[in-house]
Every structure is written in structure tokens, then in C-alpha cells.
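The structure under discussion appears below in the form of C-alpha cells.
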Amino acid sequence: EQQTEEVEVFSTPSYACQRRTTLDNHNAVLTDALSLLAENAELSGEDGRGVAFRRAAAALKALPLPVTRLTQLGGVPCLGGHSLRVIKDVLESGASPEVEALRRSERFKALKVLTGIFGVGVKTAGRWIGEGILTLRQLRDSGPTLNRAQRAGLRHYDDLNRPVGRAEAAAVAAVVEAAAGSVLPGARVTLIGGFRRGKQTGHDVDFLITHPEEGREAGLMPKLVSWLDSQGFLLYQKTNSNSYLEAAEGPARPASNMDRFERCFSVFKLPEEAGRGGAGAGGEGGPRPWRAVRVDLVVSPVSQFAFALLGWTGSKLFERELRRWAGHEMNMCLSSHALYDHRQSRYLRASSEEEIFAHLGLEYIPPSERNA
Ligand code: GTP
Ligand code: MN
Ligand code: MN
């Protein structure tokens, strides 16, 4: 049966930042399986394996057609033996026994539930599982000490695990714009993260805020947060102040991807208007008056805006690959603040994402094609 059939052999560049990855994924069954293995590795503290599975999944996401045979993958990078075995299983029998076993495993389910609580990381979840806490009920009953973030996370668990839609993101944007406009006239608010890449839903809503006059943005975050709080929009917030000083710090710590902008992790109390939201209403009682939504705010000086925009638009893997490309292929160091060229021993300025891609010797990839 196979002799006459023409089968396309795929090939794609090895860095995700060299590829155009839209949300139109032709290999979702395969990439879901690999993403689950990535998630499990990350939840088990094995970040290296996690990245390997993420890279494998991303390579498949960039293919123009569904894969039907293993022999089509000769020119596809980032596929290790383990990933290929999973792909083979899925192609031959529709599912991977390893992945299906993982889906059913008590430990994986517990890790998902517990790290699904805002403020609970892998270490805390692992510790609780060691103490026999596998469910939210058991967590509530055994009452370990929770920090402020975790208490908010547990209180709003259902809301925070319900995807945020575009209309809700727009409603949050209106609130953030009103806040910024009120405490710093002329401030500019930009939607970043997954929504900027065109996603229809997200786990949170991300914003980057700046002001066209350099320096005017300094100290903005506390004012913004206190306006939001005074208007009753905040259920939780934690603000980190800016600690980035280019001159003092230089490229000395290039590997860090923790940036040092003024930023705020928050949980918004978003009023639910009739006709919007209501997805969680589920029938009884009509729409609730409000829902909790995770919101991330970042403030950047306008001189760093392009770097912040590029660094916070994602996807996470796309960002990671950009930094790897910069380091390994260009001898440069890219962060959400700046691009440093080690060969020339100087910072390369940019006022747009296009300029940064050009500095990096990469074809420009628009946000909608950064869904690696
Ligand atoms: P969903 O929210 O799940 O829809 O996806 P998302 O792509 O918006 O993910 P998320 O909100 O977690 O992150 C948005 C972007 O911000 C991603 O590109 C991350 O790499 C980036 N990001 C998140 N945390 C940090 C951080 O601490 N520092 C920097 N520089 N970037 C971060
Ligand atoms: Mn996001
Ligand atoms: Mn975020």
C-alpha cells in the first residue's frame, strides 16, 4: 500500500527563533504528548529534560502538515531518542503508553493540582506530597502554614484555574489604562504575553507600561498599585522594585533571565458584566458579580521598551531560544533590558523589536508567529 504514496519529508531550522510558529498547530496530538512529558519533568525538578521535550514539541509545532510517518522527520531538529519513541507510539497506535500512564499517575495529578495553586511551586508541592497531601481537600484539612500568595491562591483556586478570555483581558486592560492614565498622564499601556501573540485565552493577563519621556516612569508601580487598591480592584499584589543598573552591573551576570524591572504579580477582582464572562456561571444563580484574574504588570523606561516588549511577549521557549541564539551564535547577551555585544564590548541600542532581530542576524518574526 505504501509504495506509490508521496510523503513529504520535513525540515526546519534548529532554533525556535528562526522559525514561524503560529497557533495553527497541525500536530497537536504529538505536541500535547511531548508537552505533558515536559511538564512532568519540570514538576519533578528536572529542568534540563523539560527543555528537551519543550524543544521537541516546538519543532513539531512549526511543521506545515500533520506528520504521519517517522521517516518524515529526518530534517527536524531537537528530536532525541525519548521523544522519537513517544512520536512513534502515537503514530502507530494513537497514544503513548508512557504518556497515558503519566496522565493517570497519582503523583502527577497531585503535582498539577497543588502547583495549580497560585504561589505554590514545585518544591512546596513535592514536600506536601511527601506528607501525604494529594488534594485540595487534604490540604485544607491538614492546614500547613500558607504564605499570603498561597492563601489568595487557595481562596480563588477555581477562578484562577479558569482560562481568561479575550473580552476579560480587554476589561482588565481598560482598568489598567484608567489607573495608569490617572497616576501618570501620558503613560502607555501595552498588552503583552500570550494575548499579544494572538491567543484566545490565557492563564493571566500581562501588561508592559512605559512613558515616552525617559525617567517619568520611575516609581510608577507603587502609585499604580495604590490607585488600583483604592478602587477595590486588587485581591492580592506583590510588587518588586527595579534594581537594574546597566552601568554598575554591565554584562557581568549575562545568564540571568530574571529581570529587574518594577513589576507586580497580582490577582484582580474583575467585575463580570452581563453579556461578557459568565462562563463559570454554569447555570445556577446567574452570573457572579466578579471573578478573580491573575494580572502581571511590568514598568520599563522607554529606552528599554523594545527589549522589555520582546522579552515579555513570549512564548517562554521562544524567549529561551532567542537568548541561546544570541549567546551561542552571536556572542551577544540578550535580556529584557538590553543587548550586549561581547565582540564589540558595547550595548546595541534598539527602539523596536525589528531592530533587535536585525542586531541578532535573525529574520523578523512577528508576535503571532512566536508561538513556539
Ligand atoms: P499564558 O499566560 O499562559 O497565556 O501564557 P504567556 O505566554 O502569557 O505566559 P506568561 O504570562 O507566564 O509569561 C509571559 C511572558 O513573560 C513569557 O514570555 C515569559 O517568558 C515572560 N516572563 C515571565 N516571567 C518572567 C520573568 O521573571 N522575567 C522575564 N524577563 N520574563 C518573564
Ligand atoms: Mn500570560
Ligand atoms: Mn504572566
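The values are calculated or read from the model by the stated rules, or taken from the named source; none is laboratory data. From a predicted model like this one, the values you see are computed outputs, not experimental measurements. Don't worry about glycine lacking a Cβ; one is built from the backbone with ideal geometry, like all the others, and counts go over all protein chains shown. Calculation scope for accessible area: heavy atoms of the full protein, side chains included, ligands and nucleic acids excluded. Shrake-Rupley method; radii C 1.70, N 1.55, O 1.52, S 1.80 Å.
Computed about the Cα centre, the dipole magnitude for the chain is approximately 960 debye when only Lys and Arg (+1) and Asp and Glu (-1) carry charge, each at its Cβ. When the chymotrypsin sites (Phe, Trp or Tyr not before Pro) in the stretch 316-372 are filtered for DSSP coil states and for at most 14 other beta-carbon atoms within 10 Å of their beta-carbon, the remaining sites are Tyr364. When the square roots of the Cα gyration tensor eigenvalues are ordered a ≥ b ≥ c, the ratio a/c for the stretch 300-372 is 1.5 or more and a/b does not exceed b/c, which makes its shape oblate.
Here's the list of lysines a cross-link from Lys109 could span, going by alpha-carbon distance under 24 Å and ignoring same-chain residues fewer than 8 apart: Lys123, Lys316.
Please say if the chain is rounded, prolate or oblate, where rounded means a/c under 1.5 for a ≥ b ≥ c the square roots of the C-alpha gyration tensor eigenvalues, and otherwise the choice is prolate for a/b larger than b/c and oblate otherwise? Verdict is oblate for the chain. In the full protein context, the stretch 78-168 carries 55 Å² of accessible surface per residue, based on a 1.4 Å probe and ignoring ligands, DNA and RNA.
For Lys269, the aspartates and glutamates whose Cα falls under 12 Å of its own Cα, not counting residues fewer than eight places away in the same chain, are Asp159, Glu168, Asp229.
From helices alone, the chain scores -12500 deg cm²/dmol at 222 nm; the rule is -39500 (n - 2.57) for each run of n ≥ 4 DSSP H residues, then divide by the residue total. Of the solvent-accessible surface of the chain, computed with a 1.4 Å probe and all protein chains present, 51% belongs to carbon and sulfur. Excluding ligands, DNA and RNA, the accessible surface per residue across the stretch 203-245 is 49 Å² with a 1.4 Å probe. Go through Leu224, Thr190, Thr201 and say which Cα lies farthest out towards the positive end of the charge dipole of the stretch 182-227; charges sit on Cβ, +1 for Lys and Arg, -1 for Asp and Glu. Positive-end residue among those listed: Thr201. Sequentially through the stretch 105-111, phi angles give Karplus couplings (6.51, -1.76, 1.60; θ = phi - 60°) of 5, 4, 5, 5, 4, 5, 4 Hz, Gly and Pro residues having no value and appearing as x.
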